[in-house]
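Since the structure comes first, as structure tokens, the remarks are kept for the end.
The values are calculated or read from the model by the stated rules, or taken from the named source; none is laboratory data. Here the structure is a predicted model, which is why all the values come from computation and not from measurement. A quick note on method: Cβ atoms are made from the backbone with ideal geometry, for glycine too, and the neighbour counts reach across all protein chains shown.
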Amino acid sequence: MFEFLFKRPGDNKPGDPPAGQAAPPAQQAATAAGSQRELQADKLRQLGGNEAAAVEFILQCEFSELRLAAAEFVHSPEQLERVHSAMRNTDRRVAKLAQSRLDAIRHHASELRRAQAAIEQAQALLRDELLTPNHVAELDRKWSVIAAPELAGQFDAVRAQLGQRLEAQVALQRAMIDRLAELRALETAGLTADEMRARLAQMEQEQQGALAAPEHASLPRALAAEFAAAHARLASNLATLEEGQAALAARDAQLAEWLAASRDSLQPEALRKAWQKLGQPPRGPVQEAQQQRFDELLASLPQPERKPREPANPPAAKAPPKGADQHFLDTLDAMEAALRQGSLGTAADLDKALKDSRDKGMRLTAAQADRLAHARAELKRLSDWARWGGNVSREELVKSVETLSTQQLSMSDLAKKVGSMRERWKALDSISGPAPKSLWERFDAACTAAYAPAAAHFKHLADERHANAARGQALLDEARAEVTRLEQGTAEWKHVAGTVQRLRTAWSHLGAIDRKDKKRLDHEFAEVLGVLQGPLEDQRKGEVSQREELIDEVAALDPHDRHVVDAMRAIQQRWQEHARALPLERKDEQALWQRFRAACDAVFAARKESVHALDAERRAHESVKEAICVRLEEAAPQATPATASKLLRDAAAEWHAAGPVPRAHEARLEKRYHDAIALVQHHADSARRAAGLAQAGALRERLRLIHELEAAVADPALDAAATDWQARWDQLPAVPADYDAVLRQRFGDALAATAAPQAQAYARLLEQNRAKLLHELLRLEIIAGVDSGPEFARDRLRLQVEVLQSSLKSGHKPATTAAELRQLCALPALTDARTASRIEHLLMRLAKEGK
């Protein structure tokens, strides 16, 4: 296919004029074209990557390969648009290359826009006072599918600031939780009043600092309220704590004085009264130790003897509280289990049941009361957390609703989305309690604004349905008016038929209507249309009878009558008058017209038969040529390249020996004869291609076995000697002798390499030849015009330019395709699945083309 590239100025083919004579004009034009190609190839090499010069070269160059090579230097969008618009209808490869680069530039610009939108969203989140982790996670998911390395640094900077804000929020919340726990522990820490006051002041200062921090909006409001309540309670208890500590000090001093005094001077009753007057200190280890020392002091003093005196009416012993019943305890256990599992609704119902039980007069023991109080405190704490979490979820729900207007949703999806948002709000009300009024108003306004386009769309659809119903009613009124005219006898049947057809077509294109109106209108329209169609069908039956009478009149005509043509014209005129007066149904009209036309054609055919009685000789010649065509058509399926040439020569001699045929059939016979010749040649070519495909299939099977053997030799994990390769080789079908020699040599070398000493050396040879195999395969695909795949487009283009340049420089003719294919089959090299598929595709393509 590249012979013209290797044409030398001095080379002459057989039949060309000698060197001293002037060349024909076609040869001079080819020589001029070759020199022009060389000049433009030199100009291409001198471009030096200049984009503007490359564009000008493409617009002026006449050779597609050089234009494609110059197109590699064009990268800017303006120049690519210019090249694409100029080459769109001229050079498909250059236009495709320019279009692909333009698409890549547009895709990159789209990615940049998406990246800029993500950065703007990140900056908006950075400015938002209440930053939530789920928004940042959604931002990260959006950025993960964006390819914009130019803006990655800017996004990473904003994302780092968002991460710092989230870390600050976590640290602030953790510090709040730890501070609340520490505040609760102060009650049992045993600090003095001054130490307690100093510690409370310090914690209050830390709390105020946390509430003034930049991320204070992320702090749970329940925690802040709980801290404020606990702090106020401890601060209010400072006075009591000071009095208790003063009482402890007074008791210590008095107790030390009593222990230092003589035991005989101390009276137990006086000591007890004095001890009671010193005040009641807070309970704790120190108070218990003081009381124990005082009790030991009283025990060491002599006790006065006193007669026991029985009370007149001894009070009855107070019975200890009986405690709760088993049902109450089971309910309390269920409530604690629900709290551990986080089921606040269940826990609240169980707490209500416990309240109802206590209202019935049940008295609890101290342990049971403490347990119930602890459970209710835990329920209150979890409920506060749930209320705070519900408000956060509502805030996110409001933001989600506010962003619905920016999403490209269909109207039905938008309506479903808004409905699901409202259902989620109701679910939050049942789980986390009622929402604040301001937040509900904001959510309701956002839902109303988001649903507004869907509401307008659905209203538009409803208006369309009403308009369609009005149009249907108008068609129905028109049909009823036509029925009235028909009953009055003022309607024309042609107009009635056209009206029925038009109304039926308009009703089928009416559009959507509300279901209740649709059913009523369809029923009424069917009734009115039935009233119109009944008389119309009766009238059409009469018209069909008249048309059939016209057909019988034509069939009764004598073709030998000299006035038959005038009679037929008169009948045809009557047919047209009937057709204009009342059109029939299309199928009936078409069937009657075909019968009428066939009757007319029969009359004309009989007349022509009588007129052409003298053409018997031409008809005989026609029969001879028909027989030749039949013989060619029958022999075509068995035609082979060897028998086709003799068959065509004999048929041509007989055809030219036969005489002329009737002029009416001459074109048909010529066409049939040439079609028969083409059919014979087609079957001969098919047989040639089938033989080539069979040989290509056998060659493919042997190459597959060789590739499998070479892969086994190159893979140390496989035992190549364990397979009987020779037996598999002998079972394969035979290939042509020129390919059998090279394949047998390659198979023998690979089979000999299965031995351990030679396997490594042969494997290195296979690996070394891989690149050469790919290069030769790509070169052979270029020569054969076979597509190599998009992944080899750049290498193919480079190799095409190299082949073109080398051919222009050397002027040698390339080897034939078959010879290069044999060299490719003889080259031992490792082959992957993609390369093997390309080789097989090349084999089948060359076999189909007969190369």
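Couple of notes before you dig in:
- Residue in the stretch 651-662 that is in contact with a Cys (Cβ under 8 Å, 6 or more places away or on another chain), outside the structural domain of Y762 (by TED's automatic domain parsing) and at pLDDT 75 or above present: no
- The stretch 748-793 - residue that is part of a helix (DSSP H, G or I) and of a type in the set (V, I, T) and, of those, nearest to the chain's Cα centre (by Cα): I782
- For the stretch 719-747, the tally of residues that are free of Cβ contacts under 8 Å to residues at least 24 places away in the same chain, in a loop (DSSP other than H, G, I, E, B) and loosely packed, with under 14 Cβ neighbours inside 10 Å stands at 2.
- Pairing each residue of the stretch 188-205 that is more than 12 Å from A235 (Cβ to Cβ) and of a type in the set (V, I, T) with any residue that is in a helix (DSSP H, G or I) and at pLDDT below 75, provided the two are 6+ apart or on different chains, yields C-beta distances under 7 Å for T192/Q245.
Each row is one residue, and each column tells you yes or no for (1) among the aliphatic types (A, V, I, L, M); (2) modelled with pLDDT of 65 or more.
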| site | (1), (2) |
| --- | --- |
| R293 | no, yes |
| L297 | yes, yes |
| L301 | yes, yes |
| E305 | no, no |
| P320 | no, no |
| L379 | yes, yes |
| E395 | no, yes |
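- Of all residues making up the stretch 645-699, the number that are aliphatic (A, V, I, L, M) and more than 22 Å from V624 (Cβ to Cβ): 9
- Residues in the stretch 690-718 that are surrounded by fewer than 16 Cβ atoms within 10 Å (Cβ to Cβ) and closer than 19 Å to N769 by Cα: R704, D715, P716.
- From the list L679, L693, L669, the one residue that fits, being in a helix (DSSP H, G or I), touching a helix residue (DSSP H, G or I) at 6+ places or on another chain (Cβ under 9 Å), assigned by TED's automatic domain parsing to the domain that holds Q731 and hydrophobic (A, V, I, L, M, F, W, C), is L693.
Here is a yes/no grid of residues against (1) farther than 30 Å from L364 by Cα; (2) at pLDDT below 60:
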position: E257; (1), (2): yes, no
position: A261; (1), (2): yes, no
position: R283; (1), (2): no, no
position: R309; (1), (2): yes, yes
position: P314; (1), (2): no, yes
position: A324; (1), (2): no, no
position: H327; (1), (2): no, no
position: D330; (1), (2): no, no
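- Residue match in the stretch 768-782 (condition: surrounded by fewer than 17 Cβ atoms within 10 Å (Cβ to Cβ) and modelled with pLDDT under 75): no
- Any hit, the stretch 505-526, residues being polar (S, T, N, Q) and not in a helix (DSSP H, G or I): no
- Residue under evaluation V603, criteria (1) buried (at least 16 other Cβ atoms within 10 Å of the Cβ); (2) under 30 Å from L536 (Cα atoms); (3) out of contact with any helix residue (DSSP H, G or I) (no Cβ under 6 Å at 6 or more places or on another chain), criterion not met: (2)
- Qualifying residue in the stretch 431-443 (condition: buried (at least 18 other Cβ atoms within 10 Å of the Cβ), among the aliphatic types (A, V, I, L, M) and at pLDDT below 75): yes
- One residue from E543, E609, E537 being closer than 30 Å to D675 by Cα and at pLDDT below 80: E609
- Residue pairs whose Cβ atoms lie under 6 Å apart, sitting 6 or more positions apart in sequence or on different chains, and linking a residue in the stretch 762-774 that is under 25 Å from S788 (Cβ atoms) to a partner that is crowded, with 17+ Cβ neighbours inside 10 Å and of a type in the set (D, E), are L766/E710.
- Of the residues examined, L529 is not one that is within 16 Å of N468 (Cα to Cα) and either surrounded by 16 or more Cβ atoms within 10 Å (Cβ to Cβ) or in contact with a strand residue (DSSP E or B) (Cβ under 6 Å, 6 or more places away or on another chain) (or both).
- Of the helices (runs of 4 or more DSSP H) lying entirely inside the stretch 43-133, those carrying at least 2 residues that are under 30 Å from A213 (Cβ atoms) are 92-127.
- Screening A627, A639, A635 for residues that are among the aliphatic types (A, V, I, L, M) and free of Cβ contacts under 8 Å to residues at least 12 places away in the same chain leaves exactly one candidate, A627.
- Under the condition of being exposed (fewer than 15 other Cβ atoms within 10 Å of the Cβ) and under 22 Å from P583 (Cβ atoms), the residues counted in the stretch 455-477 number 0.
- Within the stretch 612-640, if we keep just the residues that are modelled with pLDDT under 80 and polar (S, T, N, Q), the residue that is surrounded by the fewest Cβ atoms within 10 Å (Cβ to Cβ) turns out to be Q638.
- Among (1) under 50 Å from the mean Cα position of the chain (by Cα); (2) among the acidic types (D, E); (3) over 23 Å from T835 (Cα atoms) - the single one E708 does not satisfy: (3)
- From the options V170, V158, residue that is over 22 Å from L223 (Cβ atoms), at pLDDT 85 or above, part of a helix (DSSP H, G or I) and among the β-branched types (V, I, T): V158
- Members of the stretch 666-689 that are more than 15 Å from A636 (Cβ to Cβ) and surrounded by 16 or more Cβ atoms within 10 Å (Cβ to Cβ): L669
- Subset tally (residues that are surrounded by fewer than 13 Cβ atoms within 10 Å (Cβ to Cβ) and charged (D, E, K, R)) for the stretch 507-526: 3
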